[in-house]
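Colleague: Please read through the structure below; I'll follow up with questions.
The values are calculated or read from the model by the stated rules, or taken from the named source; none is laboratory data. Just so you know, these numbers come straight off a predicted model, no measurement behind them. Virtual Cβ from ideal backbone geometry, glycine too; neighbours counted across all protein chains shown. Accessible surface is based on the protein model in full, side chains and every heavy atom, while ligands, DNA and RNA are left aside. Shrake-Rupley method; radii C 1.70, N 1.55, O 1.52, S 1.80 Å.
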Amino acid sequence: MKRRDFLFSMAGAASILPLNRLTASKADTNTERYHISTGINEEERGSQRLSLERLRRWEELGYGMFIHYGMSTFDEKEHSLGDKPSTLYAPTDLNVEQWVKTAVEAGMRYIILTAKHSSGHCLWHSKYTDYHTGTSSDKTDVIAEFVKACAKYGIIPGLYYCSWDDHQPMGSQTPSYTEWGKMSSTEEYRRFQWNQVEELLTQYGKIGEMWIDIPGMLPRDYRHKLYNRIAELQPDALIVMNHGYGDGQNFDINYAWPSDVITIERWLPNSETKYVKWREIEGKRYYMPGEVCDPIGHEWFFLKGDDPRSDEELLGMYLVSRTRGANFLLNVPPDKTGQIPQMYVDALLRLRKNISLVTEKYRV
(Lines give C-alpha, C1' and ligand atoms only; values in the text may rest on other atoms or scores of the structure.)
Protein backbone atom coordinates (compact mmCIF):
# COMPACT_ATOMS: atom_id res chain seq x y z
CA MET A 1 0.00 0.00 0.00
CA LYS A 2 1.43 3.37 -1.01
CA ARG A 3 1.56 6.43 1.23
CA ARG A 4 -1.38 8.12 -0.45
CA ASP A 5 -3.60 5.05 -0.12
CA PHE A 6 -2.59 4.48 3.49
CA LEU A 7 -3.20 8.07 4.54
CA PHE A 8 -6.42 8.22 2.54
CA SER A 9 -7.62 5.43 4.69
CA MET A 10 -6.94 7.55 7.83
CA ALA A 11 -8.88 9.91 6.37
CA GLY A 12 5.14 40.48 4.14
CA ALA A 13 2.63 41.63 1.80
CA ALA A 14 0.26 44.48 2.43
CA SER A 15 -1.85 43.73 -0.63
CA ILE A 16 -3.01 40.44 0.84
CA LEU A 17 -3.57 41.68 4.39
CA PRO A 18 -7.17 42.81 3.80
CA LEU A 19 -7.98 39.34 2.50
CA ASN A 20 -6.27 37.80 5.50
CA ARG A 21 -8.44 39.91 7.79
CA LEU A 22 -11.55 39.06 5.83
CA THR A 23 -10.94 35.32 5.88
CA ALA A 24 -9.87 35.34 9.53
CA SER A 25 -13.19 36.98 10.36
CA LYS A 26 -15.11 34.28 8.51
CA ALA A 27 -13.06 31.55 10.16
CA ASP A 28 -13.74 33.04 13.59
CA THR A 29 -17.48 33.01 12.80
CA ASN A 30 -17.36 29.32 11.90
CA THR A 31 -15.34 28.53 14.99
CA GLU A 32 -17.75 30.48 17.19
CA ARG A 33 -20.70 28.45 15.86
CA TYR A 34 -18.85 25.28 16.74
CA HIS A 35 -18.15 26.61 20.22
CA ILE A 36 -21.82 27.36 20.75
CA SER A 37 -22.88 23.91 19.59
CA THR A 38 -20.44 22.15 21.90
CA GLY A 39 -20.51 24.47 24.88
CA ILE A 40 -16.90 25.61 24.49
CA ASN A 41 -16.25 29.16 25.64
CA GLU A 42 -14.43 31.28 23.05
CA GLU A 43 -12.15 32.65 25.75
CA GLU A 44 -11.23 29.26 27.21
CA ARG A 45 -7.53 28.68 26.78
CA GLY A 46 -7.73 24.99 25.96
CA SER A 47 -5.09 22.39 26.81
CA GLN A 48 -2.71 23.19 23.98
CA ARG A 49 0.84 24.34 24.79
CA LEU A 50 0.64 27.64 22.91
CA SER A 51 -1.79 30.38 23.79
CA LEU A 52 -4.73 31.21 21.58
CA GLU A 53 -3.10 34.57 20.95
CA ARG A 54 0.09 32.93 19.66
CA LEU A 55 -1.81 30.49 17.45
CA ARG A 56 -3.94 33.24 15.98
CA ARG A 57 -0.89 35.33 15.21
CA TRP A 58 0.31 32.35 13.19
CA GLU A 59 -3.07 32.09 11.48
CA GLU A 60 -2.86 35.77 10.56
CA LEU A 61 0.28 34.99 8.57
CA GLY A 62 -2.09 33.10 6.30
CA TYR A 63 0.17 32.36 3.35
CA GLY A 64 3.56 30.70 3.25
CA MET A 65 6.05 29.05 0.92
CA PHE A 66 7.09 25.42 1.22
CA ILE A 67 10.49 24.70 -0.36
CA HIS A 68 11.40 21.12 -1.25
CA TYR A 69 15.05 21.08 -2.24
CA GLY A 70 17.92 18.64 -1.78
CA MET A 71 19.23 15.35 -3.10
CA SER A 72 15.85 14.53 -4.65
CA THR A 73 16.25 17.62 -6.85
CA PHE A 74 19.35 16.03 -8.38
CA ASP A 75 18.46 12.33 -8.60
CA GLU A 76 14.90 13.28 -9.66
CA LYS A 77 13.22 10.88 -7.22
CA GLU A 78 10.82 12.29 -4.64
CA HIS A 79 11.67 9.51 -2.21
CA SER A 80 15.34 9.12 -2.99
CA LEU A 81 16.95 5.98 -1.59
CA GLY A 82 19.93 7.98 -0.42
CA ASP A 83 22.17 5.69 -2.44
CA LYS A 84 23.76 8.42 -4.57
CA PRO A 85 27.06 10.04 -3.54
CA SER A 86 26.86 13.31 -1.66
CA THR A 87 28.62 14.99 -4.58
CA LEU A 88 25.57 14.44 -6.80
CA TYR A 89 24.13 17.43 -4.96
CA ALA A 90 25.68 20.07 -7.24
CA PRO A 91 23.75 23.32 -7.78
CA THR A 92 25.41 25.39 -10.49
CA ASP A 93 24.20 28.82 -9.35
CA LEU A 94 22.83 28.46 -5.82
CA ASN A 95 20.99 31.57 -4.66
CA VAL A 96 19.10 31.05 -1.42
CA GLU A 97 18.36 34.75 -1.15
CA GLN A 98 16.45 34.51 -4.44
CA TRP A 99 14.10 31.97 -2.84
CA VAL A 100 13.35 34.26 0.09
CA LYS A 101 13.04 37.39 -2.05
CA THR A 102 10.59 35.54 -4.32
CA ALA A 103 8.44 34.54 -1.34
CA VAL A 104 8.32 38.12 -0.07
CA GLU A 105 7.47 39.52 -3.50
CA ALA A 106 4.71 36.90 -3.80
CA GLY A 107 3.10 38.18 -0.60
CA MET A 108 4.05 35.18 1.52
CA ARG A 109 4.83 35.68 5.19
CA TYR A 110 6.67 32.54 6.25
CA ILE A 111 8.77 29.79 4.62
CA ILE A 112 9.32 26.12 5.47
CA LEU A 113 12.51 24.55 4.02
CA THR A 114 13.29 20.83 3.82
CA ALA A 115 16.41 20.54 5.97
CA LYS A 116 16.41 16.77 5.44
CA HIS A 117 14.07 14.69 3.31
CA SER A 118 13.86 10.90 2.93
CA SER A 119 17.20 10.69 1.09
CA GLY A 120 18.90 11.55 4.37
CA HIS A 121 21.01 14.24 2.73
CA CYS A 122 21.23 17.31 4.96
CA LEU A 123 21.23 20.93 3.85
CA TRP A 124 23.49 21.83 6.77
CA HIS A 125 26.88 20.58 8.00
CA SER A 126 25.76 17.94 10.49
CA LYS A 127 28.33 16.29 12.74
CA TYR A 128 26.19 13.15 12.97
CA THR A 129 26.53 12.08 9.32
CA ASP A 130 28.84 12.63 6.39
CA TYR A 131 25.86 12.91 4.02
CA HIS A 132 25.41 16.68 3.91
CA THR A 133 26.23 19.79 1.93
CA GLY A 134 29.68 20.03 3.51
CA THR A 135 30.72 16.89 1.62
CA SER A 136 28.86 17.84 -1.57
CA SER A 137 29.85 19.60 -4.77
CA ASP A 138 28.53 22.89 -3.37
CA LYS A 139 29.47 23.16 0.29
CA THR A 140 27.15 26.03 1.24
CA ASP A 141 25.37 25.58 4.56
CA VAL A 142 21.94 26.18 3.05
CA ILE A 143 20.16 26.40 6.40
CA ALA A 144 22.50 29.17 7.55
CA GLU A 145 21.98 31.10 4.31
CA PHE A 146 18.24 30.56 4.48
CA VAL A 147 17.82 31.88 8.02
CA LYS A 148 20.10 34.83 7.25
CA ALA A 149 18.08 35.74 4.14
CA CYS A 150 14.80 35.45 6.07
CA ALA A 151 16.15 37.92 8.64
CA LYS A 152 17.21 40.28 5.85
CA TYR A 153 13.77 40.30 4.23
CA GLY A 154 11.71 40.17 7.42
CA ILE A 155 10.02 36.81 6.81
CA ILE A 156 9.64 33.95 9.29
CA PRO A 157 11.84 30.85 8.73
CA GLY A 158 10.64 27.32 9.40
CA LEU A 159 12.37 23.96 9.00
CA TYR A 160 11.20 20.52 7.84
CA TYR A 161 12.77 17.26 9.01
CA CYS A 162 11.75 13.85 7.65
CA SER A 163 11.64 10.88 10.02
CA TRP A 164 12.05 8.58 7.01
CA ASP A 165 15.74 8.24 6.17
CA ASP A 166 16.94 5.71 3.60
CA HIS A 167 20.62 6.66 3.74
CA GLN A 168 21.05 5.98 7.44
CA PRO A 169 18.01 3.91 8.52
CA MET A 170 19.97 2.20 11.32
CA GLY A 171 17.68 -0.81 11.18
CA SER A 172 14.46 1.19 10.80
CA GLN A 173 11.73 -0.09 8.50
CA THR A 174 11.15 2.80 6.11
CA PRO A 175 8.30 3.01 3.59
CA SER A 176 10.83 2.21 0.84
CA TYR A 177 11.15 -1.32 2.18
CA THR A 178 7.90 -2.12 3.97
CA GLU A 179 4.19 -1.28 3.89
CA TRP A 180 3.10 2.08 5.26
CA GLY A 181 1.25 0.50 8.15
CA LYS A 182 4.32 -1.52 9.16
CA MET A 183 7.00 1.17 9.15
CA SER A 184 9.02 1.68 12.32
CA SER A 185 12.20 3.22 13.67
CA THR A 186 14.94 1.91 15.92
CA GLU A 187 16.19 3.48 19.11
CA GLU A 188 19.51 4.15 17.38
CA TYR A 189 17.81 6.11 14.60
CA ARG A 190 15.69 8.05 17.07
CA ARG A 191 18.84 9.16 18.93
CA PHE A 192 20.24 10.27 15.56
CA GLN A 193 17.08 12.23 14.74
CA TRP A 194 17.04 13.81 18.20
CA ASN A 195 20.63 15.00 17.80
CA GLN A 196 20.03 16.44 14.35
CA VAL A 197 16.88 18.27 15.41
CA GLU A 198 18.87 19.77 18.27
CA GLU A 199 21.51 20.93 15.78
CA LEU A 200 18.88 22.68 13.69
CA LEU A 201 17.23 24.37 16.63
CA THR A 202 20.34 25.53 18.47
CA GLN A 203 22.69 26.69 15.71
CA TYR A 204 20.62 29.03 13.55
CA GLY A 205 18.63 31.31 15.80
CA LYS A 206 14.88 31.66 16.12
CA ILE A 207 12.73 29.27 14.08
CA GLY A 208 9.02 29.97 13.65
CA GLU A 209 7.79 26.48 12.73
CA MET A 210 9.28 23.00 13.01
CA TRP A 211 7.80 20.41 10.67
CA ILE A 212 8.31 16.70 11.46
CA ASP A 213 7.25 14.55 8.50
CA ILE A 214 6.27 10.88 8.59
CA PRO A 215 5.70 10.93 12.37
CA GLY A 216 4.12 7.49 12.11
CA MET A 217 7.69 6.13 11.91
CA LEU A 218 8.07 7.14 15.54
CA PRO A 219 6.48 5.56 18.63
CA ARG A 220 4.15 7.85 20.48
CA ASP A 221 6.19 8.11 23.67
CA TYR A 222 9.18 9.29 21.64
CA ARG A 223 7.04 11.78 19.70
CA HIS A 224 5.98 13.33 23.00
CA LYS A 225 9.59 13.56 24.14
CA LEU A 226 10.67 15.05 20.81
CA TYR A 227 7.79 17.52 20.87
CA ASN A 228 8.74 18.63 24.38
CA ARG A 229 12.41 18.99 23.43
CA ILE A 230 11.56 21.14 20.41
CA ALA A 231 9.32 23.27 22.63
CA GLU A 232 12.13 23.63 25.15
CA LEU A 233 14.62 24.76 22.50
CA GLN A 234 12.21 26.97 20.52
CA PRO A 235 9.31 27.78 22.88
CA ASP A 236 7.56 30.18 20.50
CA ALA A 237 7.72 27.86 17.47
CA LEU A 238 4.72 25.96 16.15
CA ILE A 239 5.46 22.23 16.10
CA VAL A 240 3.93 20.24 13.26
CA MET A 241 3.68 16.47 13.14
CA ASN A 242 2.48 16.03 9.57
CA HIS A 243 -0.85 14.21 9.53
CA GLY A 244 -0.73 13.94 5.74
CA TYR A 245 -3.61 13.42 3.35
CA GLY A 246 -7.10 14.37 4.43
CA ASP A 247 -9.53 17.27 4.48
CA GLY A 248 -9.04 18.21 8.12
CA GLN A 249 -12.11 16.39 9.39
CA ASN A 250 -10.24 13.61 11.18
CA PHE A 251 -6.99 13.51 13.12
CA ASP A 252 -5.24 10.22 13.87
CA ILE A 253 -3.53 10.62 17.23
CA ASN A 254 -1.72 7.30 16.80
CA TYR A 255 0.00 8.66 13.72
CA ALA A 256 0.63 12.35 14.40
CA TRP A 257 -0.03 13.38 18.02
CA PRO A 258 1.13 15.66 19.59
CA SER A 259 0.96 18.53 17.11
CA ASP A 260 0.11 22.23 17.27
CA VAL A 261 -1.35 22.18 13.76
CA ILE A 262 -3.39 19.77 11.66
CA THR A 263 -1.93 19.49 8.18
CA ILE A 264 -4.14 19.11 5.13
CA GLU A 265 -1.83 17.71 2.46
CA ARG A 266 -2.93 17.87 -1.20
CA TRP A 267 -6.51 18.44 -0.04
CA LEU A 268 -8.67 21.41 0.90
CA PRO A 269 -10.56 21.91 4.17
CA ASN A 270 -13.88 20.13 4.46
CA SER A 271 -16.75 22.23 3.10
CA GLU A 272 -19.43 21.16 5.60
CA THR A 273 -17.88 22.80 8.70
CA LYS A 274 -16.41 19.43 9.69
CA TYR A 275 -12.96 21.00 9.61
CA VAL A 276 -12.91 22.56 13.04
CA LYS A 277 -10.16 24.10 15.10
CA TRP A 278 -11.31 22.95 18.52
CA ARG A 279 -10.81 19.23 18.99
CA GLU A 280 -11.28 16.88 21.88
CA ILE A 281 -8.32 14.52 22.26
CA GLU A 282 -8.32 11.99 25.07
CA GLY A 283 -10.72 14.02 27.18
CA LYS A 284 -9.06 17.41 26.73
CA ARG A 285 -9.84 20.27 24.35
CA TYR A 286 -7.19 21.65 22.02
CA TYR A 287 -7.20 24.53 19.56
CA MET A 288 -5.54 23.19 16.39
CA PRO A 289 -5.52 25.47 13.34
CA GLY A 290 -5.07 23.96 9.87
CA GLU A 291 -2.40 24.27 7.21
CA VAL A 292 -3.02 23.24 3.61
CA CYS A 293 0.14 22.24 1.70
CA ASP A 294 0.25 21.57 -2.02
CA PRO A 295 2.76 22.12 -4.86
CA ILE A 296 2.60 24.96 -7.35
CA GLY A 297 2.89 22.28 -10.03
CA HIS A 298 2.28 18.63 -9.27
CA GLU A 299 5.59 17.52 -7.77
CA TRP A 300 7.20 18.44 -4.45
CA PHE A 301 10.73 18.54 -5.90
CA PHE A 302 11.56 20.17 -9.20
CA LEU A 303 11.17 18.03 -12.29
CA LYS A 304 11.57 19.30 -15.83
CA GLY A 305 8.15 19.69 -17.43
CA ASP A 306 6.30 20.21 -14.16
CA ASP A 307 4.62 23.45 -15.17
CA PRO A 308 2.72 25.61 -12.68
CA ARG A 309 -0.98 25.04 -12.34
CA SER A 310 -3.32 27.47 -14.05
CA ASP A 311 -3.83 30.90 -12.53
CA GLU A 312 -7.45 30.01 -11.85
CA GLU A 313 -6.55 26.83 -9.97
CA LEU A 314 -3.89 28.49 -7.84
CA LEU A 315 -6.25 31.32 -6.92
CA GLY A 316 -8.97 28.82 -6.07
CA MET A 317 -6.61 26.80 -3.85
CA TYR A 318 -5.64 29.95 -1.99
CA LEU A 319 -9.18 31.25 -1.57
CA VAL A 320 -10.72 27.96 -0.48
CA SER A 321 -7.94 27.37 2.07
CA ARG A 322 -8.17 30.86 3.54
CA THR A 323 -11.95 31.28 3.52
CA ARG A 324 -12.32 27.90 5.25
CA GLY A 325 -9.96 28.96 7.98
CA ALA A 326 -6.64 27.29 7.10
CA ASN A 327 -3.24 28.69 6.23
CA PHE A 328 -2.04 28.03 2.68
CA LEU A 329 1.51 26.68 2.34
CA LEU A 330 2.35 26.58 -1.37
CA ASN A 331 5.35 24.48 -2.37
CA VAL A 332 7.70 26.17 -4.86
CA PRO A 333 10.81 24.08 -5.65
CA PRO A 334 14.18 25.40 -6.84
CA ASP A 335 15.73 23.57 -9.80
CA LYS A 336 19.21 22.10 -10.27
CA THR A 337 20.75 25.53 -10.65
CA GLY A 338 19.71 26.25 -7.07
CA GLN A 339 17.17 28.92 -8.00
CA ILE A 340 13.40 29.03 -8.31
CA PRO A 341 12.58 28.85 -12.04
CA GLN A 342 11.18 31.97 -13.67
CA MET A 343 7.96 30.19 -14.66
CA TYR A 344 7.17 29.71 -10.96
CA VAL A 345 8.18 33.26 -10.07
CA ASP A 346 5.86 34.61 -12.76
CA ALA A 347 2.98 32.39 -11.60
CA LEU A 348 3.44 33.59 -8.02
CA LEU A 349 3.37 37.23 -9.03
CA ARG A 350 0.22 36.69 -11.07
CA LEU A 351 -1.33 34.92 -8.09
CA ARG A 352 -0.53 37.86 -5.84
CA LYS A 353 -2.13 40.21 -8.33
CA ASN A 354 -5.24 38.02 -8.58
CA ILE A 355 -5.52 37.80 -4.79
CA SER A 356 -5.34 41.58 -4.63
CA LEU A 357 -8.07 41.97 -7.27
CA VAL A 358 -10.39 39.62 -5.40
CA THR A 359 -9.63 41.37 -2.13
CA GLU A 360 -10.48 44.76 -3.57
CA LYS A 361 -13.70 43.51 -5.12
CA TYR A 362 -15.05 41.79 -2.00
CA ARG A 363 -13.57 43.94 0.75
CA VAL A 364 -15.99 44.49 3.62
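Colleague: In the range 117-148, how many residues are open to solvent by less than 10 Å² (accessible area, probe 1.4 Å) and either closer than 18 Å to L94 by Cα or within 17 Å of the chain's Cα centre (by Cα) (or both)?
Modeller: Selection size over the range 117-148: 10.
Colleague: Another question, then. In this structure, is K116 closer than 28 Å to Q234 by Cα and out of contact with any Leu (no Cβ under 9 Å at 6 or more places or on another chain)?
Modeller: Here the answer is no, as K116 does not meet what is asked.
Colleague: Turning to a different aspect of this structure: Considering only residues of the range 85-116 that are closer than 18 Å to A347 by Cα and small (G, A, S), which is surrounded by the most Cβ atoms within 10 Å (Cβ to Cβ)?
Modeller: This residue is A103.
Colleague: Okay, next question. Quick one: is I281 within 30 Å of P235 (Cβ to Cβ), surrounded by 14 or more Cβ atoms within 10 Å (Cβ to Cβ), out of contact with any strand residue (DSSP E or B) (no Cβ under 8 Å at 6 or more places or on another chain) and not hydroxyl-bearing (S, T, Y)?
Modeller: Taking the combined requirement at face value, the residue satisfies it.
Colleague: Go through the residues of the range 256-267 one by one and say whether even a single one is open to solvent by 30 Å² or more (accessible area, probe 1.4 Å) and within 28 Å of L348 (Cβ to Cβ).
Modeller: yes
Colleague: Looking at G82, G62, which is the one that is at pLDDT 95 or above, open to solvent by less than 60 Å² (accessible area, probe 1.4 Å), over 26 Å from M183 (Cα atoms) and not aliphatic (A, V, I, L, M)?
Modeller: G62
Colleague: Taking only pairs six or more apart or across chains, which ones have beta-carbon atoms under 6 Å, a first residue in the range 168-193 that is β-branched (V, I, T), and a second residue that is at pLDDT 95 or above and open to solvent by 40 Å² or more (accessible area, probe 1.4 Å)?
Modeller: Short answer, once both residue conditions are applied: T186/M170; T186/G171.
Colleague: Same structure, new question: Every residue in the range 213-240 that is among the charged types (D, E, K, R), under 18 Å from the mean Cα position of the chain (by Cα) and under 15 Å from Y161 (Cβ atoms), please.
Modeller: Those that are among the charged types (D, E, K, R), under 18 Å from the mean Cα position of the chain (by Cα) and under 15 Å from Y161 (Cβ atoms): D213, R223.
Colleague: Just to be sure before I move on: is E312 at pLDDT 95 or above, open to solvent by 10 Å² or more (accessible area, probe 1.4 Å), among the acidic types (D, E) and assigned to a loop (DSSP other than H, G, I, E, B) in the structure I sent?
Modeller: The answer is no for E312.
Colleague: Regarding Y227, is this residue open to solvent by 60 Å² or more (accessible area, probe 1.4 Å), among the aromatic types (F, W, Y) and more than 18 Å from V100 (Cβ to Cβ)?
Modeller: So Y227 fails the test.
Colleague: Filter the range 271-294 down to residues that are among the charged types (D, E, K, R) and in a loop (DSSP other than H, G, I, E, B), then give me how many there are.
Modeller: Number of matching residues: 4.
Colleague: Within the range 182-203, count every residue that is crowded, with 19+ Cβ neighbours inside 10 Å and outside any helix (DSSP H, G or I).
Modeller: 2
Colleague: Hey, any hits in the range 252-265 for a residue that's farther than 18 Å from Y160 by Cα, in contact with a helix residue (DSSP H, G or I) (Cβ under 8 Å, 6 or more places away or on another chain) and not in a helix (DSSP H, G or I)?
Modeller: There is no residue in the range 252-265 that is farther than 18 Å from Y160 by Cα, in contact with a helix residue (DSSP H, G or I) (Cβ under 8 Å, 6 or more places away or on another chain) and not in a helix (DSSP H, G or I).
Let's see how each residue does on (1) buried (at least 21 other Cβ atoms within 10 Å of the Cβ); (2) within 29 Å of Y275 (Cα to Cα):
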| residue | (1), (2) |
| --- | --- |
| C162 | yes, yes |
| D165 | yes, no |
| M170 | no, no |
| G208 | yes, yes |
| I212 | yes, yes |
| Y222 | no, yes |
| Y245 | no, yes |
